[in-house]
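The structure appears below as structure tokens.
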Amino acid sequence: CRKGDVGDQMFFIVEGRVTVATPDHPVELGAGNFFGEMALISGEPRSATVSAATEVSLLSLYAVDFQMLSSSSPEIAETIRKTALERRAAEGIIQA
């Protein structure tokens with residue numbers, strides 16, 4: 001994922017690690033984490049570039065499927081939204 005790209009899917013890390021290039025310092029995410037959710041929720045371009053730090057196995061969830069998930073499993077969708085808001089606040093993208 002590259003900063004500024006249109007995001008039509010998010011990713012769940014099954015194996016390996018990725019590096020998220022944030023304004024302050026790179027953040028590494030591993031198995032069990034996800035990324036790319038902000039573009040799905042906000043509809044805005046990707047806010048960061050994410051690259052593989054190791055060989056990575058990912059699952060993807062497209063925007064259409066995210067909407068279906070939101071309807072059928074609101075608690076999962078809420079967890080994803082909450083994480084997105086926390087990440088935005090941590091990056092200083094939204095003001096407290």
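Read the figures in this text as sums done on the coordinates, not as results from a lab. All values derive from a computational prediction rather than experimental measurement. With ideal geometry, Cβ positions are generated from the backbone for all residues, glycine too; neighbour counts draw on all protein chains shown.
In table form, for the structure just shown:
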| read-out | value |
| --- | --- |
| At most 15 other Cβ within 10 Å, DSSP loop - GluC sites (Glu not before Pro), the chain | E55 |
| Structure-based [θ]222 nm, the chain - -39500 (n - 2.57) summed over DSSP H runs of at least 4, per residue, nearest 500 | -11000 deg cm²/dmol |
| Cα gyration tensor shape for segment 9-91, rounded if a/c is under 1.5, else prolate or oblate | oblate |
| Lys, Arg +1 and Asp, Glu -1 on Cβ, resulting dipole of the chain about Cα centre, debye, nearest 20 | 160 debye |
| Segment 4-52, dipole about Cα centre (Lys/Arg Cβ +1, Asp/Glu Cβ -1), debye to the nearest 20 | 80 debye |
